[in-house]
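Quick note: the coordinates plus some simple rules give every number you see, no bench work behind them. Source: prediction; values computed, not measured. Here the Cβ positions follow ideal geometry from the backbone for every residue, glycine too, while neighbour counts run over all protein chains shown.
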Amino acid sequence: MIAVAGEALIDLVAGTGGQVDAHPGGGPYNAARTLARLGIPVAFLGRLAGDGFGRLLRERLSAEGVTLGLPEPSARPSTLAVAALDAAGVADYAFYLDGTAAADVSYEVLRAALETLTARPGGLTAVHVGTLGLLMEPVGAAIERLVLTDVPPDVLVFLDPNCRPGAVTDAAAYRARISAIARRADIVKASVEDLAYLYPGASPEAAAKTLLAAGTPLVLVTDGPHPARAFLAGTVLSAEAPSVTVADTIGAGDAFGGGFLAWWTEHGLVRGDLYRSGDDRARDDRARDDSAGDDRARDDSAGDDNAGDDRARDDSAGQGDASQGGTGQRLEELVSRALHAAAAVAALTCARPGADPPALSEVVANGWWPEPGPA
């Protein structure tokens, strides 16, 4: 199961004709729905209000099969965002956050919810955090502490800052929080606008390399209609988005992150796979094929002159055998396929009004859900 921690809110979208449409939204909420529609078991760790909008948010999650990790409603009103669309369907947001339900989450409650999910059969494979949940209080401090002290070492952490500068009251403190979480994160997904805010004056490429140098093994960078990129140590991959007729871009970035994580998880890949080379995976596959009980084969699969560093990284990730996907492929090949899947999921989300991610069947029907096998 994947846990998504952060806010749920209502997007009030002002149309050109003066009408206002209400859509369930919030970056983590959208990511949770994306994962669910793509067939991944997911729990939402966010507080919902007891008002009409809160009931709508709750009903949508339940209808998608999302587990409510914090089922008790808040007495505060629902969090709101007002979105104005430009001619290209790109949204500009104003937020109503103070005293609202999404902020009403303490560290103790969040930790208890995570422990409950971790104890379930199958356990927890990943935690996704980001957006307004990292700047409202007390939920922001709760999520930061949870990631840094309570997420088990074998669980993948996915960070999508999805920066909202207009809602940030202390830029230095906010950047420090993102940096702290990024150092624990295994995947950071950010738009070029996010990187420009987090690293003023740096190019997207330089900002991504800064994150890599700090210890994040994979940085995903989106750039609107331009190709998405994946930065690994020494390698940059890219993926074009499939061509669609754009209704608006609301929720596209959230769907991209959910799509990447869904593809990674569906194909049996875990945190440890991000820290292992293709040679490591192939060696492990051969060792299993030769003899599951042969100690020498296991030793050979783990050992060469450079494997000490690999083992140390794997131990820190809690993955003695991280190649559950059993593909024997290079990391770059797997990331490239996940990147293409994510771009497709985001594109299909843009083809409909509001944050309305596609079902897995729709992505597969278009031929946009690549298999992990050889190219």
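In order along the stretch 358-368, phi translates into HN-Hα couplings of x, 7, 4, 4, 5, 5, 5, 4, 7, x, 10 Hz, rounded to whole numbers, per the Karplus curve 6.51 cos²θ - 1.76 cosθ + 1.60 with θ = phi - 60° and x for Gly and Pro. Model label sites at ARG111 and GLU193, defined 7 Å from Cα along the beta-carbon direction, differ in position by 3.6 nm. Measuring nothing but how far apart in sequence close Cα pairs (under 8 Å, 6+ apart) lie, relative to its length, the stretch 165-286 scores a relative contact order of 18 percent.
Here each label is just a point 7 Å from Cα along the line to Cβ, and for VAL168 and VAL90 those points are 1.8 nm apart.
Got the relative contact order for the stretch 38-171 handy, in percent, Cα pairs under 8 Å and 6 or more residues apart?
Once normalised by length, the contact order is 21 percent.
Computed from the alpha carbon positions, the gyration tensor of the stretch 18-59 leads to an equivalent ellipsoid with semi-axes of 21, 14, 8 Å, biggest first. Across the stretch 182-192, rounded Karplus estimates of 3J(HN,Hα) from the backbone phi angles (6.51 cos²θ - 1.76 cosθ + 1.60, θ = phi - 60°) give 4, 5, 8, 5, 9, 9, 10, 10, 8, 7, 5 Hz, Gly and Pro being marked x. Electrostatic bookkeeping for GLU144 treats Lys and Arg as +1 and Asp and Glu as -1; over the other residues with beta carbon under 13 Å from its beta carbon, the sum is +4. Residues whose amide H comes within less than 5 Å of that of LEU218, counting only those at least five positions distant or on another chain, are VAL188 (H built at 1.01 Å from N in the peptide plane). Taking a ≥ b ≥ c as the square roots of the Cα gyration tensor eigenvalues, the stretch 161-200 comes out oblate, since a/c reaches at least 1.5 and a/b does not exceed b/c.
Estimated at 0.36 nm per residue, the fully extended path between ALA213 and SER243 surpasses their Cα-Cα distance by 7.4 nm.
Taking a Cβ cut-off of under 11 Å around ALA14, the surrounding Lys, Arg, Asp and Glu residues balance to a net charge of -3, with basic ones at +1 and acidic ones at -1. In this simple spin-label model, placing a label point 7 Å from the Cα along the Cα-to-Cβ direction at both ALA14 and ALA359 gives a separation of 3.6 nm. Couplings for the stretch 197-214, taken from phi via the Karplus curve 6.51 cos²θ - 1.76 cosθ + 1.60 with θ = phi - 60°, read 6, 6, 10, x, x, 8, 6, x, 5, 5, 5, 4, 5, 5, 4, 4, 5, 7 Hz in order; Gly and Pro are left as x.
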